[in-house]
Each structure stands twice: as structure tokens, then as C-alpha cells.
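See structure below.
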Amino acid sequence: MKRAILLAAASGIALTGSAYAADTITVVSWGGAYTKSQVEAYHKPWMAKTGNKIVSEDYNGGLAEVKAQVEAGNVTWDIVDVELSDAIRGCDEGLLEEIDHSVLPDAPDGTPATEDFIGLALHDCAVANIVWSTIYAYDGSKYNAFERPRSMADFFNTKKFPGKRGLRKSPKANLEMALVADGVAAADVYDVLSTSEGVDRAFAKLDSIKDDVVWWEAGAQPPQLLADGEVKMTTAYNGRIFNAMASEGKPFEIVWDGQVFDVDLWAIPKGAPNKKAALDFLAFSTDTQRLADQAAWISYGPARKSSAPLVGAYNSDPDLAMGPHMPTAPGNFMNAIANGFEFWADNQDELNERFNAWLAS
Amino acid sequence: MTDASYQPDTTRGSLTDASGALLAADGTPLKKKLRQALAVSRRRAFLLVAPLLLFILASFAIPILLLLVQGVKDNTFSSIMPETTSVLREWDSNSEPTEEMAAAVVMDLINAKKISRSLPTKVGTRVNREVSGAISLFKKTTRKAPKMKAPFLAELHKADKKWKDPAYWKAMKIASKTITPAYYAAAVDKKYLADGSFADQPEDRQIYVSLFVKTILVSGGVMLACVLLGFPVAYLLSHLPSRQANLLMILVLLPFWTSLLVRTTAWIAMLQSAGVLNDIFVWIGITSDDQRFSLIYNMTGTIIAMTHILLPFMILPIYSVMKAIPPSHVRAAKSLGATNWTAFWRVYFPATIPGIGAGGLLVFILAIGYYITPALVGGQDGQLISNFIAYHMQKSLNWSLAAALGGILLVLVLILYWLYDKIVGIDNMKLG
């Protein structure tokens, strides 16, 4: 093992003339098709360029592990793929390193990185790589062409579309979707949710399908639930459903109405053992080309504007253009909700408690 | 230690002292000599177990203690906001917030931010557990604090109108207590109020009491199911010729040796609506294709999978007790005129009670803390209290509440153990 690292390092130095010592960094992400897209688009080219090694680990989100490591003073993760609300909370609670945005490379046309990234993407402690979305999907082979679910309201309508529903076991995104299904416009969702009547309204809507819900926690579960016929429709991360469609040929269909979109970001835990190499990896993996490359492996939108024109076709199918499958494609983006991270930072304690009590009752 | 029937030899006066106590050959009292000899062997025994004792202390007892302490102690607020803490101590929590309190808040936030920008949010996170909206309130206030001038109360109101709401001041008063019953109160669906009294949580947030009850009921149910299923198996095992019995024993032990995760996921394959069992039901016509039974991701799935996984813990103690019951007892009963049933119920069964007791206690205590199986197959209503302890450790990061829930669970188990000792007697337990 050690010799292999040394050899890789030596050849890396010889080939690129890079001055890096061989480091091994631990990159933590969400597993499954998503981690695979990162391995192909980020890890492999970075290892080839620098001669460093990457140990890839999976997790299910949340700050618990980062907090445990930082507070115990035994940090083993170098860089973590986090959700926006966790990036902000982790930064505020001092669990993440601050990141100097000047290390981020400019766009090929010279646009500074700070202007090239989309609105939500740059934070004190984190840099976004993708835009992803929580959508709902169904198995197209189970419905005939004229009676297909088309709107968020259809997801909550078990009279018109009987059958089990898959939902993520968390109030996030579910409450927003429930309100959209109940007739609230996407733009007003958080205004309504900030009132206690609005919360009651969202829970009442969820309650109407509670008996039919199968709850999932890991992103890899919903495509499996659909494929097994365990549910008729399920909310999911759009990239997971796309991958089941594109690489496994599943007859799934995505409904984009009422999608809740968000960004995923790289963050470095406070006291990461190889902070310098991690920062180098962060800058490398969020450059224009790498973000565009990743889109060839999974249908998540790149966080840089300059990457969009470079997005091509799916890796194993040159006829399958990725553009229309992105959450941000114009046809998909009509009734989209931007994840309200400030709302969730303030209200997640109370809403989680209420959600859990509601679940167990 | 001393034998009552032993009579000292009074003819040899040199071996007793003036008071009549026995003396050893070198003249020291025999009792003292014996104590010395015993002390040496006790010390040796202690040294032999010392490594294990230290290990258990360091890896088991101390961490549990620390966690229990975390359930009642929270100095986040008082350590970061010392001024505010001392001012709030004087406040009666009903009168209007004073200028002095406002000044202390502003001062503390400015000082905290100087040490680390993460400190004010930590305070916000702590207060947010008592009232929603505190995180953004503290962030906003911290940002504006350096520019504030007296009168601070008016400045705070200008910075954010939430400061006019006494709920936030009351929440700070609750958070400012270092030793606090707030978490244990929350763990039994009560709310600790700023004036030191307790109130019920709003109904739509009550969850833990019913969850504790549910956990105990499920554990009891699983224990009963294990007794009913395990007793006949153990009986069969102990009465078959040893060749067949060994083969059967392997069938009992094989799942026991298989990974818990594998067994649980195997049940998913068996019980899911497109699973083996439902397919068979549809095939033989018990149910129709679109009305398959929901056997998993609910309480049914949790009970089925837990019963199966805990069954060996019931079978093995009962089996070992049955093995030790001499067959002559039942034969003697029958020769004295007992029917088969009487011989079994009056002679054989009472002798198996220690095994049932041991198995029952083992299964119950394992079940009450069960975590992985309910997490995987429990769905929404098959979750037990351990799943919520894990949730607060891993997701909500409210470790103090997790500690309080764990503390209550520990006390529950100890009470049950004590009850068992009172009713059955712990000496009657036989683990094999």
C-alpha cells in the first residue's frame, strides 16, 4: 500500500512537475450514484494531477459526526459534502474552517470566481458544487398515458392516485411540498410556514396521506422503493431517480412541480488533518470544467454559470443530453422553491419535535 | 468461618490468651492470623481483576456517568453570557425586561464575538431549544451590537422587534441555569418555565411518555412471544436423542451467529409488500394482488423481526435448565398416579421457571434498548425510545436531551431488575 502511494506520488511529480508531497485525504459524501459522479469527475483527475490519494467515505448528512470529531479533537475527515443549512450552522458553531474564496480559480473567460458562482453557492465556510432538488417520481409503467400524476397536488391525492407514497423522514421539504399541494404558490411557502396556522395547514395536508407513507432516510432508498413496487410514488433527490432511469433503464418519471432545490457544498471540518490538500481538492473540484464533467454522471446542475454551456451528454449514452434533466432547466423550474435555510435554522428544533410527535402518534 | 461445634482444647493453656481467645503457634491471636492470610489472598484476587475493573470503569461506568451529568448540566449560556446570567438571576421573569438586562446582553454578545464568532450562535442554538427564532435573533443582534449606544433596550427593540416579546427573555432565563431540570422535563413531555414551575408540553409536541410506554409494551410482547415460541423448541431439544438434538441446536445457533443486519434485511425481503410472504399469500389466494398485507415498516415488522432475533436468548437458558432436570422426577410423578399433563404442569414446568426467568429478563432488557431493527423495519409507528435517543445524538445534536432520555431508560431497567429480584429472586436465575 505504502509503496503504491509512493509510486503514485513519484509518477505524479514526474509527470506534472507538481511540488506536492503525497497526501491522503478523506472525502466524505452521500454515497451511491452521487459519490460515483464525484469520484469520476473530481477524485480521479485530482489524484492523477497531484499524486495524492483519496479515501472516500459515505454518510447520511447532518453535522453529528463532524461535531463529534471536532469536539473530541480527533478529526479524521478532511472535506465533507454538506447541505446548505448544515454549512451555515456548522460555520456559526465553529465546526468548519473558514475558506478564503481567493483560492477558487476564475472562469475560463476570466470572470472572477465570486461572480461566476450562482447566488447561494459561496459561504464563509463552504463552496457549492451542485444544485440538486427534491422532486417526486413515479413508475411510468404503472400508469397509462392519460392518467399520470402531473402536479404536487396529485402526489397528495390518494383518491385519484391510490397507492403508497415514499417521503423523506424529516419535516424539511415535506412541509413545503404539502403547502404547494394545498394551493400555496411556491414563492409564498415560507411566509405561510412562518405562521402557526401555516404549520398546522402543512401538517394537516401531510396527515391526509399519513397512513399511506413509507418513510426513507438514505438517498439510495427511494429508487429502490419504486423499483420494488413498495411505493407508487416517492419524493427523491432528482439525480438518484435520473440515474436509475439512465443507467438501469427503469421506467421512472419525474414530476418537477413544487420541487425544492438546494445546493450541496464542500466544507472542511475544523482541524482537518490535511487541510492544505483538502483546500487544493476543493478549488480543483469546483473549477468550471470539473463541475461540467460531473453533470455527465448525474443530473445535478453545476454551481458555476460558466459550466452550463459545457454540460454535454450522459457518460454512457451520447444521445442523452443532460441539459433537460437539470433542476434548473427552464421547463422544470417553473414552480420551484429555494430551500429556506434561514427559516430552517430558526425553526428546525420546534418543527422536528412536532414532526416526530406527529409521526409517532 | 468458625465452626460452632468446635471445642477448643482447654487442657493446653498456652494456646489461649488471658481472655480465652485462641492463639497461633507464634503467639498471635488465631483470628488475627486468619485475617492476615485472607487479606493476602483478597489482595491477590483484587489485583487479578483490577485490569478488568479499570477497563469497565474507564469505558463503561465513567462515560455513562458523564452522559448522565450532561442531562442536567448545561453551561453553554452561563459561560458565554456571564453578565446576562447574573442579571437574569435577579429578574422575576414577569416584570418588563430592564435596561440593565439589555445592556448585559449587548455587552456579553460583543465580548463573546471577540473570542470567537461561533460563540453567539452557540448561545442562540441553546435558547432556540426553548423558543423558535432565537438563532436568527442572536445572529442579527450580534451583528448590530458593536454600534449600539445606551439606552440599550430601545436599541435592541430597534434591531429586532422579537426583543419586545417577553418569551425570548424568559427563554434566556431558562437557558442561563447551569444545573437545569429542563432536559429531564422535556424527556417526560413537560416544559420547564422561567419562574421555576413545570407545565405540559403543547399536545402536538408530546411524544416521549407514550414512547416509553410503547417501548415497554413492545418489549413485553416480544418477551411473551419468545417464551411461547422458545419453550416448545427448548423442550424438543432437551428430549431428542443427542444426534438430532445437536443438529437442531445448530439450526438455533446459526441465526444467532449471523450478523444482526443480515437477519434484519432478510426480513425486509420476506415481509415487504412485493416480498416472499405476500407473493405466497397472493398465489394461494388469501389476499388479492392490490391488497397485499403491510407486514413491514410498521409495528408488525418490528415485533416479528425482534422476536426472531431475540429468540435464541430465550431458547438457550430454558434448554440448559431443562437439560439439568432429572427425567426420574416426571417418571416418579407418573408412577404415583399423575396424568401426563399433571406431571408436566406440577413437576416439570416449575423446575423450568429459572430458565424462563433468565431468558425473559435477558430478552426484555435487550428489547427495551433495541435500536437497529426498529430503525430499519419500524417505519413510522414501530420506532422505540432508543431510536429517538439516536436521533437526538445524531440529527438534532441535542445531546443533553439524549442523555436525559437515556438516564430515564437506565432507571427503568434498574427498577425492572429490582422488581424481578423481589418477585422471582435473582438467585433463581440460570443463564446456562
Most fluctuating residue of A:ASN52, A:ASN347, A:ASN144 in a GNM of chain A with Cα springs under 10 Å: which is it? A:ASN144
From the mean inverse distance of alpha carbon pairs (Kirkwood) and the Cα radius of gyration, derive Rg over Rh for the protein assembly as shown. 1.06
Can you tell me the relative contact order of chain B? Whole percent, Cα pairs under 8 Å, sequence separation 6 or more. 16
Per-residue Cβ counts within 10 Å, from other chains only, averaged over B:117-125: what number is that? 4
Gap in Å between the Cα centre of segment B:44-102 and the Cα centre of segment B:376-432? 22
When all Cα-Cα pair distances of segment B:153-222 are considered, the percent exceeding 17 Å is 59
Filter the GluC sites (Glu not before Pro) in segment A:132-197 to those in DSSP coil with at most 13 other Cβ atoms within 10 Å of their Cβ, and list the result. A:GLU147
Would you work out which of A:GLN294, A:PRO251, A:ASN335 lies farthest towards the positive end of the dipole of chain A, given +1 charges on the beta-carbon of Lys and Arg and -1 on that of Asp and Glu, about the Cα centre? A:PRO251
Classify segment B:206-325: rounded, prolate or oblate, from the alpha-carbon gyration tensor (a ≥ b ≥ c, eigenvalue square roots; a/c under 1.5 rounded; otherwise prolate if a/b is larger than b/c)? oblate
Relative contact order [Cα under 8 Å, 6+ residues apart], segment B:208-428, whole percent: 27
Could you state the principal axis extents of the C-alpha atoms in segment B:208-428, from the largest down, to the nearest angstrom? 65, 49, 28
For segment B:52-177, what relative contact order do you get, as a whole percent, if you take Cα pairs closer than 8 Å and at least 6 residues apart? 30
Only Lys, Arg (+1) and Asp, Glu (-1) charged, at Cβ; the protein assembly as shown dipole about Cα centre in debye: 3080
Net dipole in debye of chain B [+1 Lys, Arg Cβ; -1 Asp, Glu Cβ; about Cα centre; nearest 20]: 1060
A correct fewest-to-most ranking of A:HIS325, B:HIS308 by other Cβ atoms within 10 Å would be B:HIS308, A:HIS325
Alpha carbon centroid spacing (whole Å) that separates segment B:214-240 from segment A:78-151: 51
Lys and Arg at +1, Asp and Glu at -1: add these up for the other residues within a Cβ distance under 11 Å of A:THR76 and post the number. -3
Is it possible to state the helix-based mean residue ellipticity at 222 nm for chain B, with each DSSP H run of 4+ residues giving -39500 (n - 2.57), the sum divided by total residues, to the nearest 500 deg cm²/dmol? What is it? -20500 deg cm²/dmol
If every Lys and Arg gets +1 and every Asp and Glu gets -1 at its Cβ, then about the Cα centre segment B:76-185 yields a dipole, in debye to the nearest 20, of 660
Label-to-label distance, nm, for residues given as A:ASP100 and B:ARG89 (7 Å Cα→Cβ offset): 4.5
Cysteines (scope the protein assembly as shown) whose Cβ has no counterpart Cys Cβ under 4.7 Å: B:CYS226
Cα centroid distance between segment A:22-48 and segment B:120-142, in Å? 36
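We did not get these values from a lab; they are worked out from the coordinates using the rules stated. What you are looking at is a predicted structure, and each value in this text was computed from that prediction instead of being measured. Positions of Cβ are generated from backbone atoms using ideal geometry, with glycine treated the same way; all protein chains shown enter the neighbour counts.
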